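Below is one structure, written out as structure tokens; the observations come after it.
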Amino acid sequence: MASQTLDRTDNRVAVRTALVVFAVGQAVASGLVGVFGGAFTTANRPGEPPIVPPGPAFSIWSVIIAISIAYSAWAWPRRQPDLEIRNRLAVPLLMVTAGFSLWLVAAELEPVWTTLLVFVGLFGSLLWALRIARQSRSRIARWSLLGRSLLWGTLGLYTGWTSIAIWLNVATGMAGSGAPLTGTVGTLGQLAILLGATATAAVIVRYTGGLAPYAAASAWGLGGAALGAYLAGAYLLAAVAAAGLTVVLVGFGAEHLHRRRVAQA
């Protein structure tokens, strides 16, 4: 029995250690792609759908990678609180950080639809981690300010950007497959994508109870889509993306107002 307990503990240490390695690996992979990457990982490529954000919007990845590294390092030591919760979170987060590097590989080898499949896997793993964190919210609230800020920041920013990026990858995949980007068909297709992104963000804002990092990252994505469309002269698409951004921010405010009323009741 003691041996089985030790084996289980060692396995959990291995998962937390792997999380640190793959979290750091995100930065390494990003650096390598920045030096050796091909056209897909170059910002502002010709032929992009209008709703793809301009290059500077993707700087959010630097923040996401940095905070995920910081959380993995904070959560690694056994002495930190709630080892059981951190072990459970380590599994889906390991899949996320490994998936990020896989996404970069897919972007170089077959960027049209493979990147979307990877993003769907990332999104599912992030929702799994969010579910664990929500179930343990009261215990996480007793963590240090640093610990809980790193956890909710990692989950919120990563999920927020990913939930919008999935939909933008649909637009990129359609363009790569030869779908029109302009005209009635192209415009309607991108309108549907923006509506899907907005609905996804609104649902998750509600699901997370108005998690600020999630609202910020998803709003950043929709704002980037609005700016990209505006710069491309697609003013209807820009207006719809801006409306989606407004929906996210209003939903975030409504959730916080609701929580305040509940707390005062």
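Values in this text are rule-based calculations from the coordinates and carry no lab data. Note that the coordinates shown come from a computational prediction; the quantities given were computed from them, not determined experimentally. Quick reminder, even Gly has a Cβ in these numbers, built from the backbone with ideal geometry, and neighbours come from all protein chains shown.
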Grab the beta carbon distance between V24 and S149, set R0 = 25 Å, and tell me the FRET efficiency rounded to 0.05.
0.80
For semi-axes √(5λ) of the Cα gyration tensor in Å, the choices are (i) 34, 24, 14; (ii) 32, 20, 19; (iii) 38, 19, 18; which was calculated from the structure?
(i)
Express the C-alpha Rg of segment 202-265 as a ratio against the empirical globular expectation 2.2 N^0.38 Å, rounded to two decimals.
1.29
Calculated FRET value between R139 and T182, using beta carbons and R₀ = 35 Å, to 0.05:
0.10
Can you pull the semi-axes for segment 120-265, root of five times each eigenvalue of the Cα gyration tensor, sorted largest first, whole Å?
32, 17, 11
For the S59, V13 Cβ pair and Förster radius 30 Å, calculated FRET efficiency rounded to 0.05 is 0.30
Extending each Cα 7 Å along its Cβ direction at R259 and D82, get the distance between those two points in nm, one decimal.
1.4 nm
May I ask which residue of V205, V185, A175 lies farthest towards the positive end of the charge dipole of the chain, with charges of +1 (Lys, Arg) and -1 (Asp, Glu) on Cβ and the Cα centre as origin?
V205
Restricting to Cα pairs below 8 Å that are 6+ residues apart, what does the relative contact order work out to for the chain? Please round to a whole percent.
23 percent
